[in-house]
Amino acid sequence: MSSAWNVMRRGVLVVSLVSGIGLAMLSGLGFAHPVGSSAEGGVPEKLKGVIEKKFPGIQIRRVEATEIPEWYLVETETDSPDGIMYMHRDGRYVVAGNVFDIEMGRNLTSELSQGRHLQVLSANSSNTVLLKPQVEKVARPLIIFDDPDCPVCRQMHGEVKKLVEAGVPVSVVLFPLMSIHPDAYRKSVAIWCADNREAVLDQVLASKSIELPSTSCAHPIDDNLRLAKRLGVHKTPTVFLPTGRRIEGFHPASELLLMLQMAEPVAAATPSK
């Protein structure tokens, strides 16, 4: 059975599709960011217990009061957008979706999620192939999850090279999708173990054959698979901008430069060979 209901209370509009527990909240008051411990000290622990009972195995990172009266932020261990929800203090109602400050034009849930992305990705920066420009014009690198056998990744790699030439550092996370590309794991290891990782990465993403080593080196590919799972990355290419914003699929360099708010037109960059 499917139904919808609207409740307007203290400037907060809650829209619920009961059948899927898919709810969105619109606020003109700038709610939804955590405000620390609640005066009702036992509520977070109570809500944590309710969730763990209803969903065995789920790991709760924190439960905190928000600026929305009687509503609490619940963060789980997954750092994908699905890891953020809001729960009423009575433990009965859960909001899974985006919370907007319509007065300020902000997606507060997205901002929280992007901040989590940055924390997790920064902690794993040593596990990437860094493509460095001669002159860096962006402080933080753009991060891209690539599968060596992904056709769209190969198509986009030329755009990635244009970004680097335009001054954008790019960190490549080798993320083999082994269910559809059986050799991608070995190719990822070969790229990482190469003396010149960038050169071998270019070869692979240009559809050129490379020699797969018979022995492996210490590599982060398994860590990358766990990282992707934690962030909810399931497809390639997946890009994380320096702000933590996530985008999927092919995007030309010109579009990405606009997202990075760079004045330099991509036409000024030398096309990759």
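The values are calculated or read from the model by the stated rules, or taken from the named source; none is laboratory data. The shown structure was predicted, so the numbers you read here are calculated from the model rather than taken from an experiment. Backbone-built Cβ (ideal geometry, glycine too); neighbour counts: all protein chains shown.
Observations, loosely collected:
- Annotation note: of Val152, Val173, Val168, the sole residue that is out of contact with any helix residue (DSSP H, G or I) (no Cβ under 8 Å at 6 or more places or on another chain), under 28 Å from Leu260 (Cβ atoms) and at pLDDT 95 or above is Val152.
- Residues (of a type in the set (A, V, I, L, M) and either surrounded by fewer than 15 Cβ atoms within 10 Å (Cβ to Cβ) or closer than 24 Å to Glu77 by Cα (or both)) located in the stretch 214-263: Ala218, Ile221, Leu225, Leu227, Ala228, Leu231, Val233, Val239, Leu241, Ile247, Leu258, Ala263
- Some residue of the stretch 185-195 being closer than 18 Å to Gly249 by Cα and not charged (D, E, K, R): no
- Of all residue pairs spaced 6 or more apart or on separate chains, those with beta-carbon atoms under 6 Å, a first member in the stretch 87-110 that is among the aromatic types (Phe, Trp, Tyr) and a second member that is surrounded by fewer than 17 Cβ atoms within 10 Å (Cβ to Cβ) are Phe100/Leu26; Phe100/Asn107.
- Selection within the stretch 34-89 - part of a helix (DSSP H, G or I) and either modelled with pLDDT under 85 or of a type in the set (Lys, Arg) (or both): Lys46, Lys48, Lys53, Lys54, Pro81, Asp82, Gly83
- Filter result for Tyr72 (touching a Phe, Trp or Tyr at 6+ places or on another chain (Cβ under 6 Å) and surrounded by 16 or more Cβ atoms within 10 Å (Cβ to Cβ)): no
- Near pairs, Cβ below 6 angstrom, 6+ apart or cross-chain, from the stretch 56-70 (within 15 Å of Thr109 (Cα to Cα) and among the acidic types (Asp, Glu)) to any residue that is at pLDDT below 85 and assigned to a loop (DSSP other than H, G, I, E, B): Glu67/Phe31; Glu67/Val35
- Members of the stretch 210-226 that are assigned to a helix (DSSP H, G or I) and touching a strand residue (DSSP E or B) at 6+ places or on another chain (Cβ under 9 Å): Ile221, Asn224
- Among the residues listed as Leu142, Leu118, the single one being within 25 Å of Asp223 (Cα to Cα) and at pLDDT below 90: Leu118
- Which listed residue, of Ser113, Ser126, is surrounded by fewer than 17 Cβ atoms within 10 Å (Cβ to Cβ) and among the polar types (S, T, N, Q): Ser126
- Selection within the stretch 161-189 - assigned to a loop (DSSP other than H, G, I, E, B), in contact (Cβ under 8 Å) with a residue 60 or more places away in the chain and farther than 17 Å from Arg226 by Cβ: Ala166, Gly167, Val168
- Hits in the stretch 195-209 - residues which are without any contact (Cβ under 8 Å) to a residue 12 or more places away in the chain and either among the hydroxyl-bearing types (Ser, Thr, Tyr) or assigned to a loop (DSSP other than H, G, I, E, B) (or both): Asp195, Asn196, Lys208, Ser209
- Criterion (surrounded by fewer than 17 Cβ atoms within 10 Å (Cβ to Cβ), assigned to a loop (DSSP other than H, G, I, E, B) and out of contact with any Lys or Arg (no Cβ under 7 Å at 6 or more places or on another chain)) met by exactly one of Val135, Val152: Val135
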